[in-house]
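See structure below.
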Amino acid sequence: MASAQLTIRKIVGIIGNAIALCLFLSPTPTFRRIVKKKSVEEYSPIPYLATLINCLVWVLYGLPMVHPDSTLVVTINGAGILIEVVFITIFFVFSGRPKQRLVIAAVLAGETLFVAILSVLVFTLQHTTRERTMSVGIVCCVFNVMMYASPLSVMKMVIRTKSVEFMPFWLSLAAFLNAGVWTVYALMPLDPFIAIPNGIGCIFGLAQLILYATYYKSTKKMMAERQPMIGLSSVVVRIGSEKVAQPSA
């Protein structure tokens, strides 16, 4: 029975890896837009910075010296680190606000320093995998909840503007599915450090999807109304340029 449970857990973990990869890659359309427009517009770097630190501490948690038999945790979070570094680099390059760039650089430095200090303390002061699992697991819980809660600022903007333009649907859906699958994974057998934050993540993901369903139509309407205004502005600018270019009599 235990063997069958571990087999099912492994299968669920592989599915979780696939969904988590989709979660990490889901902002790709957003970053294509950023590169195309050469501007981050109103997008926030917070979700990507939160995801990066989350992946870093989970890789530490999944190491054999900390929590044995957690290869699937290491593989997906290692991939997540690479993806988030690419996204954050793009965000940094196309951010037109020096203050925002400074904040991104400071947060990255702080995250790197934090993980380095945590690793040194865990491996020098704690000598059993049980102790290390407890310490790193608590930290992982905190950062995993932060990752799932990071879109709260965007959700607040959605409620205020009644627009989901800057809350990517695929990111919200992938976050919900990812949290659900990893919650199931953590129940076979019970791993509270994975189950608790992902259970909370399910709630946050569902809240985002409800917001998306609520404001999707109003967003489409606002974007449709904005198009004629953009077109008119282009015509006015072009006519004004032509008048300036005409030689005086």
(message) For the range 53-84 and the range 169-229, what is the centre-to-centre distance using only Cα atoms, to the nearest Å?
(response) 22 Å
(request) Compute the acute angle (0 to 90°) between the alpha-carbon long axis of helix 28-37 and the principal axis of greatest extent of the alpha-carbon atoms of the chain; round to the nearest 10°. (result) 30 degrees
(request) Treating only the Cβ atoms of Lys and Arg (+1) and Asp and Glu (-1) as charged, compute the dipole magnitude of the chain about its Cα centre; round to the nearest 20 debye. (result) 940 debye
(message) Could you report the accessible area of Ser3 in Å², rounded to 10, computed with a 1.4 Å probe on the protein chains as they sit in the structure?
(response) 80 Å²
(request) Please give the calculated 222 nm ellipticity per residue for the chain, where each DSSP H segment of at least 4 residues contributes -39500 (n - 2.57) and the sum is spread over every residue; nearest 500 deg cm²/dmol? (result) -29000 deg cm²/dmol
(message) Run the simple label-point estimate for Ala116 and Arg32 please: 7 Å along Cα→C-beta, distance reported in nm.
(response) 3.7 nm
(request) Give me the accessible area per residue for the chain, probe 1.4 Å, as a whole number in Å². (result) 56 Å²
(request) Return the distance in nm (one decimal) between the two label points of a simple spin-label model at Ile159 and Tyr216, each offset 7 Å from Cα along Cα→Cβ. (result) 2.1 nm
(message) Longer than 24 Å from Cα to Cα, which of Lys37/Lys220; Lys99/Lys221; Lys99/Lys217 are they? Say none if no pair is.
(response) Lys99/Lys221; Lys99/Lys217
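The values are calculated or read from the model by the stated rules, or taken from the named source; none is laboratory data. All values reported here derive from a predicted model rather than from experimental measurement. Note: ideal-geometry Cβ built from the backbone for every residue, glycine included; neighbour counts use all protein chains shown. Note: areas computed on protein heavy atoms with side chains; ligands, DNA, RNA excluded. Shrake-Rupley method; radii C 1.70, N 1.55, O 1.52, S 1.80 Å.
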